[in-house]
1. With the crude spin-label approximation of a point 7 Å out along Cα→Cβ, what separation in nm comes out for LEU168 versus CYS108?
2. Could you give me the ³J(HN,Hα) list for region 29-40, computed from phi with Karplus coefficients 6.51, -1.76, 1.60 and θ = phi - 60°, whole Hz, x at Gly and Pro?
3. Give the longest segment of the chain that steers clear of trypsin sites (Lys or Arg not before Pro) in DSSP loops with at most 14 neighbouring Cβ atoms within 10 Å, not counting the sites themselves.
4. Residues of the chain: accessible area per residue at 1.4 Å, in Å²?
5. Eigenvalues of the Cα gyration tensor times 5, then square-rooted: what semi-axes does that give for region 68-152, in whole angstrom, largest first?
6. Subtracting the Cα-Cα distance from 0.36 nm times the residue separation, let me have the gained length for GLN176 to LYS153 in nm, one decimal.
7. Using helices alone, what [θ] at 222 nm do you get for the chain, with -39,500 (n - 2.57) per DSSP H run of 4 or more residues, divided over all residues and rounded to the nearest 500?
8. Once you keep just the Cα pairs under 8 angstrom separated by 6 or more residues, what percentage relative contact order results for the chain?
Amino acid sequence: TDALGLEALLSKHQFDTVIHLAAQAGIRLPIDEYSRYIDSNLTGFSNTLLMSAKYGVENFLYASSSSVYGNSTNFPLAESEPDLKPVSFYGSTKLANEILARGLSTNCQMRTRGLRFFTVYGPMGRPDMAYFRIAAALQQNKVFSLFGDGAVKRDFTYVGDVVNSIALLANDLAKQPV
């Protein structure tokens, strides 16, 4: 969200690629804290996107989210899904990022690519994620609070696979026509 600091960095160094993974993640914030989504996911993202374009960054990869799919039942989920309807404020901000990036890239010489991650897990993961909460409840001999009826199934992606994929996708993006 620090536009001045970001501009100082980008004006001092010539980057050909920016990989933007910062966000206020998660869908369980109370409504009185939704401004955190606005600050990070909209203001921080748009500052980074616009400054990257201003300073001639050619390639911009960014973290979107599987939350943009909402409650879609069109399986397997596809990037080409024409009717995205997020059901969370978080998912809506990530879809807004995709729209902003697409709109900017059609008006300047910058390639953009959004990465819709599905529940990334691994060492140093977020403590609000289910597997950490289950382990904590077991260790503390407490009851685990289950949301929903237990019928939901999720895909998980290991963080090391995400890192490898980002590197490959960054190289691929640089080869695409502008």
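1. 3.0 nm
2. With coefficients 6.51, -1.76 and 1.60, one gets 5, x, 4, 6, 10, 4, 4, 5, 5, 4, 4, 7 Hz.
3. Details: sites that count: ARG28, LYS142, LYS153, ARG154, LYS175.
In short, 29-141.
4. Averaged over the residues of the chain, the accessible area is 63 Å².
5. Values: eigenvalues 224, 55, 22 Å².
Equivalent-ellipsoid dimensions as semi-axes: 33, 17, 11 Å.
6. Working: separation 23, 0.36 × 23 = 8.28 nm, distance 3.48 nm.
That works out to 4.8 nm of additional length.
7. Working: 5 runs with 63 residues, N = 178.
Result for the chain, helices only: -11000 deg cm²/dmol.
8. Values: 211 pairs, mean separation 40.0, N = 178.
Reported relative contact order: 22 percent.
The values are calculated or read from the model by the stated rules, or taken from the named source; none is laboratory data. Please read these numbers as outputs of a predicted model, since none were measured by experiment. Glycine gets a Cβ as well: all are built from the backbone with ideal geometry, and neighbour counts include every protein chain shown. For accessibility, only protein heavy atoms count, side chains too; no ligands or nucleic acids. Shrake-Rupley method; radii C 1.70, N 1.55, O 1.52, S 1.80 Å.
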